[in-house]
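First comes the structure, then the notes that go with it.
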Amino acid sequence: MQASAKSSRSRLEEGDLYSCFLLMPFCVPARGGKDGLMKDEIFSVLQRVGRSFMLPVAVLPIAGILLGIGASFTNPTTIKTYGLEAIFGDGTLLGGLLTIMASAGSTIFGNLPIIFAVGVAIGMAKAEREVAALAAMISFFVMHSACNAMLKLNGQILPDGTIAPGVLEGTIASSCGIMSYQMGVFGGIIVGIGVAYLHNKFHKIVLPNALSFFGGSRFVPIISTVVYLFVGIALYFIWPLAQQGIFALGSLVTGTGYVGTLIFGIIKRALIPFGLHHVFYLPFWQTGVGGSMMIDGQLVQGGQNIFFAQLASPDVTHFSADATRYFSGEFIFMIFGLPGAALAMYRCAKPSKKTAAKGLLLSAALTSMLTGITEPIEFSFLFVAPALFGVQVILAGAAYMIAHMLNIAVGLTFSGGLLDLFIFGILQGEAKTNWMYIIPVGIIYFFLYYFIFTFLIKKFDLKTPGREDDDVETKLYTKADVKARDAAAKAGDGEAATDVVSQAITRALGGTKNITSVDCCATRLRCSVADSALVNDAALKATGAVGVIKKGQGVQVVYGPQVAVIKANLESYLATNPADGPIEAVPAAETVPAEEAPKAQETQTEPETDAEKHYFNSPFTGSLHPITEAPDEAFAGKITGDGFFVYPTDGMVYAPEDGTVTFVFDTKHAIGMTTADGVEYLLHIGIDTVKLEGKGFNVFVENGQEVKKGDKLMEFDDEFIKANAPSDACLCIFTDLEDGQEVHLAADGNVKAGDQAVWF
């Protein structure tokens, strides 16, 4: 099962994420069996893709504001209607400034493809994101240049740079000054996802010495350039077919009229809890899926792009409601509907909690009205009463359809708050937008939300903010709370409901916000923290750690071979509990009264005969040393257990005794073993070799495999480890010795694999 999961994950992360993107509406999270696993993996990948979209999407509000204000007050009709010639007319200072603002906003919208290419690459890169950004920009130019060359070679672009007469209008356009297929943001997404994959795969690559200068992160732009040269060539043949599919999908949605708008609205709101709504709506906003229109002689694709192109055009008398159908309805429920829900929750609150609920709900309602950010309200009732969220999904979906039916054509940059309504509705005038229809519909929606929510809350005694039990804090819930609840619900599927250990570790490390990274090696949890002063050593040891090592902002917590599970649980916990704070007070060490303290054992009883001694053979060939001389303070201090180590003279590891392979670490640098008579031990090759991510290691065994003395376990590149790790010391650590047992060297100097090395 583990192998299957790993394989599925590899195929999804390394394969065609774009296909996942298109299949997203059908990828409902599920559990159980191979199909459930695949759906979970697709869901996880889509979440990553959706999060990566947020960086380029975040630039849209400022671009929209610049274009909206600039275009509004430089439009001759607007200036004449309001008699503003003296202030904003030709030759005025403000008129010139507004013209510059409109031009800047238009430039951002006109170059969204490369912005998405860079933004998505940054969002999906795991490290050295600046390298991914540079590689994405280069790859974008190379891809379109290759496509341009193919179009010229085949006569679709003429030698003078003009488009051949037989080419379908709008299919070829300029992208950053390069005439290529009109791919829109799809082109940027193709580059961003692909470059992120190449970056994550190759940014630590080690090349032969002669080429070593080009290794590591320097290799990423090189391989990206080569790959996207061929991607551009391939797209010459593929994109026309893809374009047909995109237009067909767009026609399917737009061809269903108001029903299509209703379905779009319902799906978009329903995806909010999963964080996948950005993946869903973006094609409708930015690509041909959302329709296309000729504006001022240019083919414009995507609902949002069409609106802003019309906004900048002086000849448009009414914005297209077919283009704005994907967002105009948001003003109805964000400004009016959800505040009605907030009022209902306040009125239904217990008298003793009304004051606390009032402040929280008022703040959430104002946030929704002004900015269109609905999470504080939506997630609060989603957390405690999912049925209310179901009502919200239906009413919100209907709002999109109603706005479309009433020909409301108000644009937005990010979300449907009062700010966007003012700039893209009121300022543009009723004749262009029909914005005034929003008010009566919105008032109806306010009361619909109020009465429906009031009825359901009282009827089913729903624990909305202010109706909690007396011992429960009145609060607004977040997406993190919902994720944490869902994680707890997995207990019914055999998964841990409440991870108290991860919670304790998180708090002992200074809280979620103090933890900047989490990793592990064979025995240690390796974390980076923002402030090491917040780390509570005593609290960490209370979680089962046998030692804590702090070096600057790095913290190593020694747990032993089970650390991989601890790390996985901690990562899951951190993803769903971002608000956990530190333990404020360091627990005082318990002191044992002198009269109760046991007397220290002065001498350790050693075996009297060889028969009582347990001899253990060396898995390595090289110079033998006691563990106390190990080039690492945790190993040397026996925090992970007693043992020995060898400075190797070759790169081979053999089974020292008959036994079983307990586990092989993912990064191949360590193997857990158990002898036939039950002695548990760990073979650890090098110091900090977990960072090599498996490079330089070749393992010949697998989990659960039985081995005989002398069987080859592993082969490693000793020279590579010396060059890329602090030490090549090969350690053998006994993890379950009985109290009082100590490891003694049975030989001096050099040993060969299979020779007696120690006894205990």
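Only the coordinates and a few stated rules stand behind these numbers; no lab work does. Just so we're clear, the structure is a prediction, and the values are computed from it rather than from any experiment. Glycine also receives a Cβ, built like all others from the backbone with ideal geometry; neighbour counts cover every protein chain displayed.
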Prolate/oblate/rounded call for the stretch 499-576, Cα gyration tensor, a/c under 1.5 rounded: rounded
Hey, if you put +1 on the Cβ of every Lys and Arg and -1 on every Asp and Glu Cβ in the stretch 112-245, which of V231, Q182, C147 ends up farthest toward the positive end of that dipole? V231
Once T256 and A210 are pulled to full extension, the length gained, defined as 0.36 nm per residue separation minus their Cα-Cα distance, is 10.4 nm
Out-of-range pairs (alpha-carbon distance over 19 Å; input K353/K463; K550/K638; K638/K691; K350/K463): K638/K691
State, to one decimal in nm, how far the label point of I87 lies from the label point of D666, with both points 7 Å from Cα in the Cβ direction. 6.0
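When Lys and Arg each count +1 and Asp and Glu each count -1, what net charge do the other residues less than 15 Å away from K722, Cβ to Cβ, add up to? Kindly include the intermediate steps, with their values, before the conclusion.
Working: positive: K691, K695; negative: D650, D688, D717, D718, E719, D728.
Spelling it out: positives minus negatives among the neighbours equals -4.
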Calculate log10 I(q)/I(0) of the stretch 320-459 for q = 0.10, 0.15, 0.17, 0.19 Å⁻¹, where I(q) comes from the Debye formula with a single equal point scatterer on each Cα and nothing for solvent. -0.32, -0.68, -0.85, -1.02
Place a point 7 Å from the Cα of I62 along the Cα-to-Cβ direction; which residues of the stretch 93-128 have their backbone N under 16 Å from it? 101-112, 115-116, 119
Can you figure out the FRET efficiency of N750 with I233, using R₀ = 56 Å and their beta-carbon distance, to the nearest 0.05? 0.45
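Relative contact order for the stretch 499-576: what percent, with Cα pairs under 8 Å and sequence separation of 6 or more? Each step should come with its number before you reach the end.
Values: 135 pairs, mean separation 27.5, N = 78.
Relative contact order comes out at 35 percent.
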Going residue by residue through the stretch 655-667, the Karplus relation 6.51 cos²θ - 1.76 cosθ + 1.60 with θ = phi - 60° gives ³J(HN,Hα) values, rounded to whole Hz and with x marking Gly or Pro, of 5, x, 9, 5, x, 10, 7, 6, 7, 10, 5, 3, 8
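Please tell me which of these pairs span more than 27 angstrom C-alpha to C-alpha: K541/K567; K201/K752; K541/K709; K613/K708; K204/K709? Write out the running numbers ahead of the final one.
Details: K541/K567 16 Å; K201/K752 37 Å; K541/K709 36 Å; K613/K708 21 Å; K204/K709 36 Å.
Listed pairs above 27 Å: K201/K752; K541/K709; K204/K709.
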A student applying the Cα gyration tensor rule (rounded when a/c is under 1.5; otherwise prolate if a/b is larger than b/c, oblate if not) would label the stretch 112-245 prolate
Whole-Hz Karplus couplings 3J(HN,Hα) for the stretch 530-538, θ = phi - 60° and coefficients 6.51, -1.76, 1.60, Gly and Pro as x, run 6, 9, 5, 5, 7, 6, 9, 4, 4
